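All remarks here apply to the structure that follows.
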Amino acid sequence: MGLLSIIRKIKRKEKEMRILMVGLDNSGKTTIVLKINGEDTSVISPTLGFNIKTIKYQKYSLNVWDVGGQKTIRSYWRNYFEQTDGLVWVVDSSDVRRLDDCRAELHNLLKEERLSGASLLIFANKQDIQGALKPAEIAKVLNLDAMDKTRHWKIVGCSAYTGEGLLEGFDWLVQDIASRIYLLE
Amino acid sequence: MAEEGPPPSTQTLDPIAQRKHAAMLERISNHHQSRLHASAARRSASAASPSFDSVAAFLDRFSELRRSIESDLARCRGAAPAAAADICSAPAIKPELEKVSASISDLERLLAENSYFLPSYEVRSSLKAISDLKEALEVANSELLPRKKFSFRNKAPKKESATLVKEIDERKVPDEEKSNLAVVRDTPGFRNEKGAVLVKKFRASEEDEGDFTLANLESCKVYLKGRFRALFVHRLKDCNVFAGPVLGSILIEEASNCVFMLASHQIRIHQATVADFYLRVRSRPIIEDCSGVRFAPYRLFYEGIDEELRVSGLGVETENWANVDDFKWLRAVQSPNWCLIPEDERLGSVNISEVTEQDNDN
C-alpha cells in the first residue's frame, strides 16, 4: 500500500481537512478563525508565528492553520503548504492602497506546486466597514479570472466582526474539498 | 513477510522453515552490524569537526568565521581598481575568490552540522547571513572577473525567467482597471497636505461605519475626534496626530519624526523612524522595520472621550502600550528598535476640547 493511499485512508476515516489561512497582515485571519469557532474576538494581537485550531464543521474535522501575515514572516508560509486541502486567502477590503501587494502575494502563492490541488476561498473581509470594496471589485483588482482554469475557487464577502458571510464561505470550501477527497462515498 | 508453509503457531518447524528462519536471523544481524558501523563512522566524523556545547559558543565561532570571510572579500574588492585597470591581474584575484567561496561552503556545513541544537531563529538568521555572503561573493565575482565567460547554466536563466513571469503577471492587469479603482474609491481622509491643521469630528451616525486615511502629510497637526472603525496612516513626516477611539485596527506605514496619540484594538507600525506613540490598545502593538520608536500611555482628553472609550471597549488601561512585539527582533532580550519614553520626557495629558472643525486650515 502506497503512502498516499494510507494517508487517504486515514483522512477518510477521520474526515479531516487541512485548511491554510493566509493573506496580508491586518486582513483579519485570526479573527475569522476565532469567530467561526465561537470564541472571543475582542482581544487579538497580530499573529507572531501561527495558530492551529481543530474545528468540528458539519461531519468534518477541520485543521485550520492560521499563519501570521506580517511581511517579515510571509517567507515562512511555504513551511505550511504540504498537504493543504483548502486555501483561504483573506483580504482587507477597506485597505485599497495595499491591494496591489495583496494581488502580488496571492499570485505568488498560486504558483506554488504544492498548493496546486487546493480549493481556494477568497474572503473579501471587513464588508461592514463603509467604503470597503465589494467582492466583485476585489475579484477584479486581484485579477482572479486570470487564474489557472483548473483551480476551484470562490470569492465571498464577509465580516469577521459581525460574522456575516463566514459560514457561506466555509460551507462552499468544505463541500468543494469533500467532493474531491471523499469522492467515493 | 508472506512466507509460505505452516502457520507460526506450529510447534515443530520443518527443516525448510528452520533454514529460512536461520537465514533471516543472519540477515537481521548483518543489518544490525552495518548500522553500527555506519553510526560509528558518523560519530567519528562529527568528532573530527568542531562541536559546540553551547549556542553562544557556536554563534561566536560563526560570527568570527563570517567576519573573516567578509574581510577577505573586502580585501579582494580593495584590489579592484588595479584589477580593472589591468585585466591581466584578474587571474591573481580568481584563486582568492575561490578560497572565499570554499570558506563560505565550510561555514554552511558548520551550520548544518550544528543546526540540530540551535534555536530555529538562530538557524534562520545564520542562513540569512550565509546567503548574504554568497550574494556579496557573487557581486565581487561579477565586478572583479569581468572577463569570465558568462555562465547561463547556473543562476542567470533562473532569474531571467522569474522576472519574465513577473512582467507577464503585471501585464495581465490592464491599466484601465487600476485607474477605475482610483476613480471609484476616494475613501475619507486627509491627503497631500503640508503645514496644515486638520480636524475631523466623527458624528454619532457615522462612527460605526467608516475608516479614515492619513496619507502624504508633512508638518501637520491632525485631530480626529469621535469614534471610527479603522485608521490607515501612510507617509507622514513631522506630524502630530491625536485621535479618539478606533474600534478596529490601525495600520501605520512610513512615519518619521512624528507624535501619535491613539486608542485602538490593534496597532501595527511598519517602517517608522523616530516617532513617539502614546497608546491605549487591547492587544499587543507590533512594529516591523522600525527604529527609534518610543512608547507611552494614552493621555488624550476632550469632552465625551471617556464614554467613547468605554463603549469602544477601551475604557480600561490594559498596560499593553508597553508590550510591544518587534517582528524584526524575535529574541528574548529587549529590541534595540524601540523603548519606553522616560516619564520626564512624556507629554502631559493633551486636551483638544477647544479644537473644532472650524480650525481646519487645509
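Check every DSSP H run in chain A and write down those whose alpha carbon atoms cover 20 angstrom or more along the long axis and whose mean Kyte-Doolittle hydropathy is -0.5 or greater.
Working: long enough: A:166-181 (22 Å, 0.54).
The qualifying helices are A:166-181.
For segment A:14-183, what number results from the quotient of the Cα radius of gyration and 2.2 N^0.38 Å? Working shown, then result.
Numbers: Rg = 14.6 Å, N = 170, 2.2 N^0.38 = 15.5 Å.
For segment A:14-183, the normalised Cα radius of gyration comes out at 0.94.
So how exposed is residue A:153, as accessible area in Å² (1.4 Å probe, rounded to 10)?
Counting only protein heavy atoms, the figure is 80 Å².
Relative to the compact-globule scaling 2.2 N^0.38 Å, provide the ratio for the alpha-carbon radius of gyration of segment A:1-97.
On the way: Rg = 14.9 Å, N = 97, 2.2 N^0.38 = 12.5 Å.
Dividing the Cα Rg of segment A:1-97 by 2.2 N^0.38 Å gives 1.19.
Round to the nearest 0.05 the FRET efficiency obtained for residue A:6 and residue B:106 when R0 = 45 Å and r is the Cβ-Cβ distance. List each step's numbers first, then the result.
Details: r = 41 Å, r/R0 = 0.91.
Efficiency, from the Cβ-Cβ distance: 0.65.
So what are the three principal axis dimensions of segment B:195-327 from its Cα atoms, in whole Å, longest to shortest?
Largest first, segment B:195-327 extends 36, 33, 22 Å along its Cα principal axes.
List, in order, the whole-Hz ³J(HN,Hα) value for each residue of segment A:141-150 obtained from phi through the Karplus relation with A = 6.51, B = -1.76, C = 1.60 and θ = phi - 60°; use x for Gly and Pro.
3J(HN,Hα) across segment A:141-150, in whole Hz: 5, 7, 6, 5, 5, 7, 5, 3, 5, 7.
Report the B-A buried area as the accessible area lost on both sides summed, probe 1.4 Å, in Å² to the nearest 100. List each step's numbers first, then the result.
Working: alone 22600 and 9950 Å², together 29260 Å².
Summing both chains' loss of accessible area gives about 3300 Å².
Rounded to the nearest 5, what % of the DSSP beta bridges within segment A:20-107 are antiparallel ones?
Working: 8 of 13 bridges.
Here the antiparallel bridges make up roughly 60 percent for segment A:20-107.
Using a 1.4 Å probe on the heavy atoms of the protein chains only, list every residue of segment A:31-69 that has 20 Å² or more less accessible area in the complete assembly than in its chain alone.
With the partner chains in place, segment A:31-69 has these residues losing at least 20 Å²: A:42, A:43, A:44, A:45, A:46, A:48.
Looking only at chain A, where both bridge partners belong to it, what percent of the DSSP beta bridges are antiparallel (to the nearest 5)? Don't skip to the end; give the middle numbers.
Details: 8 of 30 bridges.
That works out to approximately 25 percent antiparallel.
Gain in length, residue B:299 to residue B:138, computed as 0.36 nm per residue apart minus the alpha-carbon separation, to one decimal in nm?
52.7 nm
Which whole-number value in Å² is the accessible area per residue of segment A:14-183, probe 1.4 Å?
40 Å²
Expressed as a whole percentage, what fraction of the accessible surface of segment B:188-337 belongs to carbon and sulfur atoms when a 1.4 Å probe is rolled over the protein heavy atoms? Each step should come with its number before you reach the end.
Details: 2530 of 5380 Å².
That share works out to 47 percent.
Taking a point 7 angstrom from the Cα of residue B:334 along the C-beta vector, which residues in segment B:286-302 have backbone N less than 20 Å away?
Correct set: B:286-298.
The values are calculated or read from the model by the stated rules, or taken from the named source; none is laboratory data. What you see is a predicted model; the values in this text were computed from it and never measured. Positions of Cβ are backbone-derived with ideal geometry, glycine not excepted, and every protein chain shown enters the neighbour counts. Areas reflect the complete protein model, heavy atoms only, side chains present, ligands, DNA and RNA absent. Shrake-Rupley method; radii C 1.70, N 1.55, O 1.52, S 1.80 Å.
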